[in-house]
Each structure stands twice: as C-alpha cells, then as structure tokens.
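**Student:** Can you read through this structure? Questions will come right after.
Nothing in this text is a laboratory measurement; each read-out follows from the coordinates by a stated rule. Since this is a predicted model, take the numbers as computed values, not measurements. Cβ sites come from the backbone with ideal geometry, for glycine too, and all protein chains shown count toward neighbours.
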Amino acid sequence: MKLRNPSVEIAGRRIVFPVTLESGSYLEFTLASDCKLYGERGELIQKVQPEGEVPVLGAGENEVKFACGGPEGFRARAEVTVISCDGGD
C-alpha cells in the first residue's frame, strides 16, 4: 500500500511531506532543511523538502494528528514516532 503526502499536525501547525511512502519505507525529519526518505532496507531514496509550518511541542500533553492520501476503499495507517529535543547541550 502506498501513502501519499503524509502530514503531521500539532497545535494547529501542519507540515506536509510531498512524497509517496511504500510499505517499509520511512521518513526522518530533523529540521525543515534535513528531511530524508529511506527505503525498507535503510537506503536513502531522496531528500525531502517539507511544506507548511514545523509543529512545535508545547509543555505537557500534545495531540498529534497524522493524515495522508491512500488507495480508495482502504484505511491508511502508519507508525508515527515523535522525539522531542530542546536543541541545547
């Protein structure tokens, strides 16, 4: 199954990744200037230029919304991992 244009939204800020994810592939997003799509064996497929606002986690609990386009008649699903860092030492 292929997922098109996955997006993540936190606190009204939405970022879209203009790629097609195939089963087993994954995205790594560190910064808007450092986002990459990898294949199921960990090989770099392409660098990605995200669109929209980079979400920012607030203090406490945050609701994370995931969306994407997928094949008609199927419920798309993906595993989303959010790792927070403060950018300090």
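**Student:** Among 26-35, 70-79, what's the highest-first ranking by average C-beta atoms within 10 angstrom per residue?
**Tutor:** Highest to lowest by the protection proxy: 26-35, 70-79.
**Student:** Please work out the ratio of the alpha-carbon Rg of region 3-69 to 2.2 N^0.38 Å and round it to two decimals.
**Tutor:** Dividing the Cα radius of gyration by 2.2 N^0.38 Å gives 1.13.
**Student:** In what sequence, highest mean first, do 13-21, 58-66 appear when ranked by Cβ atoms within 10 angstrom?
**Tutor:** 13-21, 58-66
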